[in-house]
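Heads up, the thing below is written out as structure tokens.
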Amino acid sequence: MSGTGGTEELLQWLESADSALSQRGQDRRDALRASLVGTVVRRRRRRRAATGLGAVATAVAMALAIGLGGSGPAVAPVPSGPAPAAALVAVVRDDDRILERLAAPAPTRVRTGRADDAELLALLAAADRPTGLVRIAGRVELTGDVIDPLPLVDAE
């Protein structure tokens, strides 16, 4: 059996396999075949009925929607003829300053490393930043005044 055939190929294969089975095996196979063929036929009928029922239900729903629509159309009629040009065209302009507004600031020399409290406060004072050292549960954090805020973008 090649595995690509349909019901006919399966039935032919089963008929050719008669010699390999005992009488009891043949009887069992025939009982299984009858049961399986009945199951396949019932499932096919159910599937076809469900497909047909779905089509009928859709047609009935459409007929009811059209028939019970009321005295007039639910949506105002669309005027025939050309649409106004303003409705068809949207003007998109280039913004020459987009790179200036969204570009990251130029990198500055940054000193990295560890600093004790006095050294950090001295660095903040040299950078004209307010004191922003806070100790919480053994951790040291900087206040929001010390950190640079995000640059505001012009709302044009």
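From the residues in the stretch 75-96 that are open to solvent by less than 100 Å² (accessible area, probe 1.4 Å) and within 30 Å of residue 65 (Cβ to Cβ), which one is modelled with the highest pLDDT?
So, considering only residues that are open to solvent by less than 100 Å² (accessible area, probe 1.4 Å) and within 30 Å of residue 65 (Cβ to Cβ), the one modelled with the highest pLDDT is 81.
Looking at 120, 99 in this structure, which one is surrounded by 10 or more Cβ atoms within 10 Å (Cβ to Cβ) and either touching a Leu at 6+ places or on another chain (Cβ under 7 Å) or assigned to a helix (DSSP H, G or I) (or both)?
That would be 120, the only listed residue that is surrounded by 10 or more Cβ atoms within 10 Å (Cβ to Cβ) and either touching a Leu at 6+ places or on another chain (Cβ under 7 Å) or assigned to a helix (DSSP H, G or I) (or both).
The values are calculated or read from the model by the stated rules, or taken from the named source; none is laboratory data. Predicted, not measured: the structure shown is a model, and the values here were computed from it. Methodologically, a virtual Cβ is constructed for each residue, glycine included, from the backbone with ideal geometry; neighbour enumeration extends over all protein chains shown. Side chains included, ligands, DNA and RNA excluded: accessible areas come from the protein's heavy atoms. Shrake-Rupley method; radii C 1.70, N 1.55, O 1.52, S 1.80 Å.
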